[in-house]
């Protein structure tokens, strides 16, 4: 029997495939229960603390909805309103939350860590080191595990349960915002573990973490999938089954830190590739049953056009809904009432 009770979820890479499968299987069941009108109270009388160093739309709402759906409670905490913002140690906060509740989620990236790569992930690991309750990464500068599991779940749902051999294009897309690598890297890692043919399509200079790219290549070798990197967007999109258009910061910016590299310098680099946008014409290159995904927020008119994100291939709202079921499954499995 696979058992993840009490286990931290900081990256999908640190969970076994069988453990991720168990999350998706339970998420599928919770979705069926919800539409049937009755969901067992798998998180009854349980509290999930959500510590947000950064803002959120879907992560907060979906975790709150997930906890409520299972009969429990998710409590939102703005880090800026805590004594942590005045210097209280991570250790003391972690020990306090373990006494008050049953699991702790932390979201910390980008401006909250001055865009210094890895700093957000290090803070989450520090909470996990000191808390005896499971710690869930709600997005950092390296990973976004519950989002990655949800996206894999959604892709499987749209393709009848089979993802092996599907061509998954994670494409850099222009925006005038500077975004971290967490979502795209966890997508790359989980998709290569499940035998997908992953293509990273981006302009020169937008390489991701070399160590994680190497890990994804190893995943692909083990699973029978593949990982390809290209700077040719049209070639990448040809025959794709899944396309995820998402802006991310340049490699130099991430490695040097935004404050040292310079915001205007980074935005100038972005503006060189303003034509890297998912348009209706580009979508015509993908497989006839291909879908367009996005973790949201999507910057419309920059990353992708409205007619794409509102078109028949877009699954972004189904994807967002599925966050509730996957996050409910994670809460139930790591900190809920034992099944």
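Can you tell me which residue within the range 117-126, out of those that are touching a residue at least 40 places away in the same chain (Cβ under 8 Å) and farther than 14 Å from residue 54 by Cβ, is surrounded by the most Cβ atoms within 10 Å (Cβ to Cβ)?
Step by step, filter the range 117-126, then rank; the result is 117.
Just give me the residues in the range 39-55 being surrounded by fewer than 17 Cβ atoms within 10 Å (Cβ to Cβ) and modelled with pLDDT of 95 or more, in sequence order.
40, 41, 44, 45
Suppose we keep only residues that are part of a loop (DSSP other than H, G, I, E, B) and touching a strand residue (DSSP E or B) at 6+ places or on another chain (Cβ under 8 Å) within the range 136-152. Which one would you say is surrounded by the most Cβ atoms within 10 Å (Cβ to Cβ)?
140
Search the range 79-96 for residues that are over 15 Å from residue 112 (Cβ atoms) and pair each with any residue that is at pLDDT 95 or above and outside any helix (DSSP H, G or I) when their beta-carbon atoms are under 6 Å apart and the residues are at least 6 apart or on different chains.
If the second residue must be at pLDDT 95 or above and outside any helix (DSSP H, G or I), the pairs left are 94/131.
Being in a strand (DSSP E or B) and in contact (Cβ under 8 Å) with a residue 24 or more places away in the chain narrows it down to one of 212, 227, so name that one.
227
When you go through 133, 155 one by one, which is the residue that is touching a strand residue (DSSP E or B) at 6+ places or on another chain (Cβ under 9 Å), part of a loop (DSSP other than H, G, I, E, B) and either at pLDDT 95 or above or closer than 30 Å to residue 197 by Cβ (or both)?
Within the list 133, 155, the selection yields 133.
Out of all the residues in the range 314-332, which are in a helix (DSSP H, G or I), touching a residue at least 40 places away in the same chain (Cβ under 8 Å), surrounded by fewer than 24 Cβ atoms within 10 Å (Cβ to Cβ) and more than 14 Å from the chain's Cα centre (by Cα)?
The answer is 318, and nothing else.
Would you mind stating whether residue 257 is more than 20 Å from residue 114 (Cα to Cα) and surrounded by 14 or more Cβ atoms within 10 Å (Cβ to Cβ)?
No.
Check whether at least one residue in the range 185-193 is out of contact with any helix residue (DSSP H, G or I) (no Cβ under 6 Å at 6 or more places or on another chain) and either outside any helix (DSSP H, G or I) or surrounded by fewer than 23 Cβ atoms within 10 Å (Cβ to Cβ) (or both), and report yes or no.
no
The values are calculated or read from the model by the stated rules, or taken from the named source; none is laboratory data. Quantities reported herein were computed from a predicted structural model and do not represent experimental measurements. Don't worry about glycine lacking a Cβ; one is built from the backbone with ideal geometry, like all the others, and counts go over all protein chains shown.
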